[in-house]
Amino acid sequence: MSEPKIAAKMPAVLDLEAGDYKWCACGMSANQPFCDGSHAGSGMFPMPVKIEAPKKVALCQCKHSANKPFCDGTHSGL
């Protein structure tokens, strides 16, 4: 798999607690925007995300952001 699957053309806006997360980079996870292991065999891997303190984030779901794992608005041009 050379290009990720577009999971959605809008970000996942979430209130996250402090902790470690795995952002889905392949777009195949059924648990978007987080990894569920669906990337196995694709050559793609999840991106670790460390949230230091509780905060609201906009996580990319189109998988084409230049600021992965965060949304930069790229989805609006896809």
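The values are calculated or read from the model by the stated rules, or taken from the named source; none is laboratory data. These numbers come from a predicted model, not from an experiment. Positions of Cβ are generated from backbone atoms using ideal geometry, with glycine treated the same way; all protein chains shown enter the neighbour counts. Heavy atoms of the whole protein, side chains included, go into the accessibility calculation; ligands, DNA and RNA do not. Shrake-Rupley method; radii C 1.70, N 1.55, O 1.52, S 1.80 Å.
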Next on the checklist: With a 1.4 Å probe and all protein chains left in place, how much of the accessible area of the chain comes from carbon and sulfur atoms, in whole percent?
Outcome noted: 55 percent
Checklist entry - If one puts a single equal scatterer on every Cα of the chain and applies the Debye formula without solvent, what log₁₀ I(q)/I(0) results at q = 0.11 Å⁻¹? => result -0.25
Checklist entry - Given H placed on each backbone N at 1.01 Å, which residues far from F34 in sequence or on other chains put an amide H within less than 5 Å of it? => result C24
Checklist outcome for this item: Amide H neighbours of A8 at under 5 Å, excluding residues fewer than 5 places away on the same chain, with H built from the backbone geometry, are C62
Item to check | Dipole of the chain [Lys/Arg +1, Asp/Glu -1 at C-beta], most positive-end residue of V13, T74, M28 | outcome: T74
